[in-house]
Amino acid sequence: MLKVEPIPAFQDNYIWAIHDGHSAAIVDPGEAAPVERFLAERGLALGAIVITHHHGDHQGGVADLLAAHPNGPDGAPMPVVGPAGERIGGRTQAVREGDTVALRHPALTLRVLDVPGHTAGHVAFVADKGETDGPALFCGDTMFASGCGRLFEGTPAQMLDSLDKFAALPGETRVYCAHEYTRSNVKFARAVEPANAALAAWSARVDALREAGEPTLPTTVAHERAVNPFLRSREPSVRQAVQAQGGSTADDASAFGALRAWKDSFR
Ligand code: ZN
Ligand code: FE
């Protein structure tokens, strides 16, 4: 069974390591130094690099990692998997929805989803049951615990469609998001749905975890369906809150767009 562990980077990024005790696939290494420390501490070889989107805090460490580890444990050039629609330095395998990625070190199969919205070519990776300890989703900056990414390059309709793909995954799917934004996301979510009891309980748990210096991730798909306003934008409670802010709920994409715009200006 593969293990998934966070490597904290910058202020609030998580680089995720998927490993078998010998070699690790590293998801979104925005910087190399914390990855190198993690590998050295655990005696792991770098086996693959997996990138969700082109932003610097997700691929900025690739060049340094490749300089230090040009080849994988089997001597073949280091695999660098990234979205076909974006500029990813050092990429060896360009992927889009429908592709599967078969890594050998560690042995891991990832399914690719196209999830435009935060960036135009953003992809997410799904490890189905049996690959890790239950199914897993590596979603980059598309979804966060109780929130979603900003729409830098995509439309509300695209982001809604991307999040719908996540919501349709098995509820037990563990979700490995790329930032620790949970506390501020929960604050907004509670403004949207003050009567959501699951959200109130989660808020207390998030405070306790953060005060103990612990990550609030991974979350799960089932949990996000219950507490994440961006997965709940069709719920009457969320629609009413959007309307009370003066947002249009004429159709699903408008309601989602109004909710995202509200979050953008929420303090
Ligand atoms: Zn980003
Ligand atoms: Fe990011």
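For this structure, a couple of remarks:
- Number of residues in the stretch 28-47 that are within 16 Å of ligand 2 (Cβ to nearest atom) and on the phi > 0 side of the Ramachandran plot equals 1.
- Search result, residues across the stretch 55-84 that are away from ligand 2 (no atom under 15 Å from the Cβ), touching a Pro at 6+ places or on another chain (Cβ under 9 Å) and in a loop (DSSP other than H, G, I, E, B): Pro70, Gly72, Met78
- Single residue of the stretch 44-54 satisfying the filter (among the β-branched types (Val, Ile, Thr) and outside any strand (DSSP E or B)) that is farthest from ligand 1 (Cβ to nearest atom): Ile51
- Residues being open to solvent by less than 10 Å² (accessible area, probe 1.4 Å) and touching a residue at least 40 places away in the same chain (Cβ under 8 Å) - total across the stretch 1-12: 1
- Conditions (1) more than 16 Å from ligand 2 (Cβ to nearest atom); (2) within 16 Å of the chain's Cα centre (by Cα); (3) open to solvent by less than 10 Å² (accessible area, probe 1.4 Å); number of the one not met by Gly149: (1)
- Selection status of Pro116, within 16 Å of ligand 1 (Cβ to nearest atom) and either at positive phi or in contact with a helix residue (DSSP H, G or I) (Cβ under 6 Å, 6 or more places away or on another chain) (or both): yes
- All of Asp57, Asp28 fail the test of being closer than 21 Å to Met143 by Cα, open to solvent by 10 Å² or more (accessible area, probe 1.4 Å) and in contact with a Gly (Cβ under 8 Å, 6 or more places away or on another chain), apart from Asp57.
- Residues of the stretch 163-218 that turn out to be touching a residue at least 12 places away in the same chain (Cβ under 8 Å), more than 27 Å from Ala241 (Cα to Cα) and open to solvent by 50 Å² or more (accessible area, probe 1.4 Å), as a count: 5
- One residue alone among Tyr181, Tyr176 is farther than 24 Å from Arg267 by Cβ and within 16 Å of ligand 1 (Cβ to nearest atom), and that residue is Tyr176.
- For the stretch 74-89, the candidate set comprises residues that are open to solvent by 70 Å² or more (accessible area, probe 1.4 Å) and more than 22 Å from the chain's Cα centre (by Cα); within that set, the residue that is farthest from Gln59 (Cα to Cα) is Asp74.
- Apart from one condition, Arg111 fits all of (1) part of a strand (DSSP E or B); (2) on the phi > 0 side of the Ramachandran plot; the exception is (2).
- Among the residues of the stretch 96-122, those identified as under 17 Å from the mean Cα position of the chain (by Cα) and closer than 19 Å to Trp16 by Cβ are Leu110, Arg111, Val112, Leu113, Val115, His118, Thr119, His122.
- Total residues in the stretch 95-146, condition open to solvent by less than 10 Å² (accessible area, probe 1.4 Å) and modelled with pLDDT under 95: 1
- Every residue from the stretch 119-173 that is more than 16 Å from ligand 1 (Cβ to nearest atom), in a loop (DSSP other than H, G, I, E, B) and closer than 28 Å to Pro194 by Cα: Ser146, Thr155, Ala168, Leu169, Pro170, Gly171, Glu172, Thr173
- Residues that are within 19 Å of Ser184 (Cβ to Cβ) and open to solvent by 50 Å² or more (accessible area, probe 1.4 Å) within the stretch 224-249 comprise just one, Gln245.
- Failed item in (1) in contact with an Asp or Glu (Cβ under 8 Å, 6 or more places away or on another chain); (2) among the hydroxyl-bearing types (Ser, Thr, Tyr); (3) not in a helix (DSSP H, G or I), with Ser237 passing the rest: (3)
- A single entry from Thr92, Thr52 fulfils the requirement of being surrounded by 13 or more Cβ atoms within 10 Å (Cβ to Cβ), within 16 Å of ligand 2 (Cβ to nearest atom) and in contact (Cβ under 8 Å) with a residue 12 or more places away in the chain: Thr52.
The values are calculated or read from the model by the stated rules, or taken from the named source; none is laboratory data. Since the model is a prediction, treat every value here as computed from it, not as a measurement. So basically every Cβ, Gly included, is an ideal-geometry build from the backbone, and we count neighbours across all protein chains shown. Areas reflect the complete protein model, heavy atoms only, side chains present, ligands, DNA and RNA absent. Shrake-Rupley method; radii C 1.70, N 1.55, O 1.52, S 1.80 Å.
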